[in-house]
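Inspection log for the structure reproduced underneath, given as structure tokens.
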Amino acid sequence: MLRTQKLGEADRIITLFTKEHGRIKAVAKGVRRTKSRFGARLEPASYVDLQLYTGRTFDTITQVVSIENYGDVLSSDYQSWTVASAILEAAERFTQAEHEPALQQFILVSGSLKALSEKRYDEALNALNMALEFNPDLKYVYYNMGLAYERKELFDLAIENYSKAIEIDPKYSLAFKALANVHNSVASLNTTSEIVSPAHNLIQGISGPCQITQLLEIGLQGELS
């Protein structure tokens, strides 16, 4: 499941990425009621088996069987959830038309969510890289790649991606704050290390003698403007 939208008083429109039919939209009737049969199973990042009734405008969901609820695991960790959200949004963007099979992308997205829930970040990065092949100017993808690299303690690559996000949008406050956090992480390590020194050099190249407070101030200005 990619995302949900409210419809009427109790229904939702569910955007799905399917193995055989690509991206489709379907209506889940009464799903927002507390006594809904399958409301909790129809959340973003859920991997489900569905039965649909074909309608004129939207199909209608009649049965749901949960296979894996990656959202439950990922939503408990902010950084993992933001990376997952970027993967879901990218999946919707690189499937331009509905009902067009996209098996390779489906396998990549579902595999990436599984890997992310198991803290295997390389496969999640593959999905984000694929999104950039379709559109190289997605700032949120670079930001989330930075998060994934930061989790892997590849600080130089994290800084490179945060910086690319800022290059696309100079007022992208989240990227400035993330860059400040990486600076803090690098500063707390031995900067003479061969692993850490490239990251340290990149930070210095962004704004000379870069101070954490300066980065946070720039990010705050972006939020206020």
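The values are calculated or read from the model by the stated rules, or taken from the named source; none is laboratory data. Just so it is clear, the structure is predicted and the values come from calculations on it, not from any experiment. Positions of Cβ are generated from backbone atoms using ideal geometry, with glycine treated the same way; all protein chains shown enter the neighbour counts.
Which of the strands (runs of 3 or more DSSP E) found entirely inside segment 1-74 contain at least 3 residues meeting this: over 21 Å from residue 92 (Cβ atoms)?
Once the strands (runs of 3 or more DSSP E) in segment 1-74 are filtered for at least 3 residues that are over 21 Å from residue 92 (Cβ atoms), what remains is 59-69.
Quick check: anything in segment 106-123 under 23 Å from residue 186 (Cα atoms) and basic (Lys, Arg)?
Keep residues of segment 106-123 that are under 23 Å from residue 186 (Cα atoms), which gives 119-122.
From what is left, the residues that are basic (Lys, Arg) are 119-120.
Yes: one or more hits.
Which one of these does residue 11 not meet: (1) within 29 Å of residue 139 (Cα to Cα); (2) modelled with pLDDT of 85 or more?
Of (1) within 29 Å of residue 139 (Cα to Cα); (2) modelled with pLDDT of 85 or more, only one is false for residue 11: (1).
Name, by its number, the condition in (1) part of a helix (DSSP H, G or I); (2) free of Cβ contacts under 8 Å to residues at least 60 places away in the same chain; (3) under 17 Å from residue 1 (Cβ atoms) that does not hold for residue 83.
For residue 83, the exception is condition (2).
Looking for whichever is modelled with pLDDT of 85 or more and not assigned by TED's automatic domain parsing to the domain that holds residue 179 here; the options are 46, 112, 36. Which one fits? Full working, then the answer.
Numbers: 112 fails: modelled with pLDDT of 85 or more; 36 fails: modelled with pLDDT of 85 or more.
Selected residue: 46, the only one of 46, 112, 36 that is modelled with pLDDT of 85 or more and not assigned by TED's automatic domain parsing to the domain that holds residue 179.
For every residue, the table says whether it meets (1) surrounded by fewer than 16 Cβ atoms within 10 Å (Cβ to Cβ); (2) charged (D, E, K, R); (3) touching a Pro at 6+ places or on another chain (Cβ under 8 Å).
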| site | (1), (2), (3) |
| --- | --- |
| 31 | no, no, no |
| 71 | no, no, yes |
| 80 | no, no, no |
| 98 | yes, yes, no |
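Restricting the search to segment 126-146, which residues are surrounded by 19 or more Cβ atoms within 10 Å (Cβ to Cβ) and more than 16 Å from residue 88 (Cα to Cα)?
Scanning segment 126-146 gives a single hit, 146.
Going through segment 33-58 one residue at a time, which ones are farther than 29 Å from residue 112 by Cα and either polar (S, T, N, Q) or crowded, with 19+ Cβ neighbours inside 10 Å (or both)?
Of everything in segment 33-58, those that are farther than 29 Å from residue 112 by Cα and either polar (S, T, N, Q) or crowded, with 19+ Cβ neighbours inside 10 Å (or both) turn out to be 34, 36, 54, 57.
Looking at 152, 171, can you tell me which residue is modelled with pLDDT of 70 or more and in contact with a Gly (Cβ under 7 Å, 6 or more places away or on another chain)?
Answer to the check: 171.
If a residue has to be in contact (Cβ under 8 Å) with a residue 60 or more places away in the chain and surrounded by 21 or more Cβ atoms within 10 Å (Cβ to Cβ) to count, how many in segment 18-28 make the cut?
1
For segment 100-112, name all the residues that are of a type outside the set (Gly, Ala, Ser), surrounded by 12 or more Cβ atoms within 10 Å (Cβ to Cβ) and in contact (Cβ under 8 Å) with a residue 24 or more places away in the chain.
101, 105, 106, 109
For segment 86-96, name all the residues that are more than 11 Å from the chain's Cα centre (by Cα) and either in contact (Cβ under 8 Å) with a residue 24 or more places away in the chain or buried (at least 18 other Cβ atoms within 10 Å of the Cβ) (or both).
Passing the criteria: 92, 93, 94, 95.
Please find, among 123, 153, the residue that is at positive phi, surrounded by fewer than 18 Cβ atoms within 10 Å (Cβ to Cβ) and among the acidic types (Asp, Glu).
It is 153.
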